[in-house]
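Note sheet for the following structure.
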Amino acid sequence: MTTIEVRGLTKRYGSDVVVDDLSFSVAPGQVTGFLGPNGAGKSTTMKMIIGLAAPTHGIVTVGGRRYQDLPVPLTEVGALLDASAVHGARTAYDHLLALAVSNGLPRRRVDEVLARTGLEGVAGKRAGGFSLGMRQRLGIAATLLGDPRALIFDEPVNGLDPEGIRWIRDFMRSLAAEGRAVLVSSHLMSEMAQTADHLVVIGRGRLIADMGMADLMHANGDGTVLVRTGEPFAHHLTAAGGTVRDGLEGALVVSGLSSTEIGKLAAYHGVPLSELTPQRVSLEDAFIELTRESVEYQGAAA
């Protein structure tokens, strides 16, 4: 099974350290979300994985070999870093055919990947006239030409409409289900929450977190509980160790106590509750908390 291994990866541009002693693995059979604020070093890391940038220190291997040592790289790892990197005057078919021929791949693969990405109906149209969603599909088709076991996608859903986002999400999941190692970067936390099995979070080039989605969410707390009652209750919650803030329409947002504990507390004090709803920690909340010290520019609070 093909695994992407990043070990002690460092990249300097002059005095600037863009990636700093970074180590993580992308395992087969799952989608690994690659997250970090702007300027965290995600794109540079991806470029080093596929040989577009040389590490200052460290090593990256795909299936145990460095990218430059792979006989036919496209058969081992496919990468989509820029969906616009296509000759606009070429048809979708000719774009893929040129890639296949130059990599010694059979012509039949062009038809196969066009069909898999839903592009067979526009195979004869020029890529320059494609929408962003269609260009993303064409880029994904190109990554699949060599039937690689490892795949890398940099911000594949940026600018897409809801249908395009859902298609890419489901497609990433299907690729992982086939046993492929899939690395996906994105700034859309809600999308990563539905797509990724595992998360690698970096900030200022350094590793912040490397864990399963469920573990990351648990590590950042159990969320809050939405409480509604027509009687005074906040002081009881605070006395029991909870933190209370006002929510919408008179609700109380409670942290530090579980819904079970709050329910027992209300019963003990004879306080009737009209709502007691656990609110899970969102991936966005967990991400912001993790990367709080790694954001390049922070606006002042209003």
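The values are calculated or read from the model by the stated rules, or taken from the named source; none is laboratory data. Predicted model, so just to flag it, every value in this text is computed and none were measured. Reconstructed Cβ throughout: ideal geometry from the backbone, glycine too, with neighbour counts over all protein chains shown.
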Exercise. Out of all the residues in segment 191-198, is one or more of a type in the set (Ser, Thr, Tyr), free of Cβ contacts under 8 Å to residues at least 60 places away in the same chain and either under 22 Å from Glu5 (Cα atoms) or in the same structural domain as Leu35 (by TED's automatic domain parsing) (or both)?
Worked result: no
For this session: List every residue pair whose Cβ atoms sit under 9 Å apart, with the two residues 6 or more apart in sequence or on different chains, where the first one lies in segment 275-292 and is surrounded by 15 or more Cβ atoms within 10 Å (Cβ to Cβ) and the second, anywhere, is acidic (Asp, Glu).
Result: Val281/Asp222; Val281/Glu289
Exercise. Do we have any residue at all in segment 106-114 that's within 18 Å of the chain's Cα centre (by Cα), buried (at least 20 other Cβ atoms within 10 Å of the Cβ) and either within 24 Å of Val60 (Cβ to Cβ) or at pLDDT 95 or above (or both)?
Worked result: no
For this session: Could you please give the count of residues in segment 131-155 that are outside any helix (DSSP H, G or I) and not β-branched (Val, Ile, Thr)?
Result: 11
Exercise. When you go through Leu22, Leu96, Leu9 one by one, which is the residue that is aliphatic (A, V, I, L, M), in contact with a Pro (Cβ under 9 Å, 6 or more places away or on another chain) and not in a loop (DSSP other than H, G, I, E, B)?
Worked result: Leu9
Exercise. Among the numbered criteria (1) within 23 Å of Ala141 (Cβ to Cβ); (2) exposed (fewer than 13 other Cβ atoms within 10 Å of the Cβ); (3) hydrophobic (A, V, I, L, M, F, W, C), which single criterion is violated by Met1?
Worked result: (1)
Problem set entry | Criterion violated by Ala209 - all others in (1) part of a strand (DSSP E or B); (2) in the same structural domain as Asp197 (by TED's automatic domain parsing); (3) loosely packed, with under 13 Cβ neighbours inside 10 Å satisfied | (3)
Problem set entry | Qualifying residue in segment 264-271 (condition: in contact with a strand residue (DSSP E or B) (Cβ under 7 Å, 6 or more places away or on another chain) and either at pLDDT 80 or above or not assigned by TED's automatic domain parsing to the domain that holds Gln194 (or both)) | no
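Determine if segment 177-186 includes at least one residue that is part of a loop (DSSP other than H, G, I, E, B), modelled with pLDDT under 95 and under 25 Å from Asp215 (Cα atoms).
Yes: segment 177-186 contains one or more residues that are part of a loop (DSSP other than H, G, I, E, B), modelled with pLDDT under 95 and under 25 Å from Asp215 (Cα atoms).
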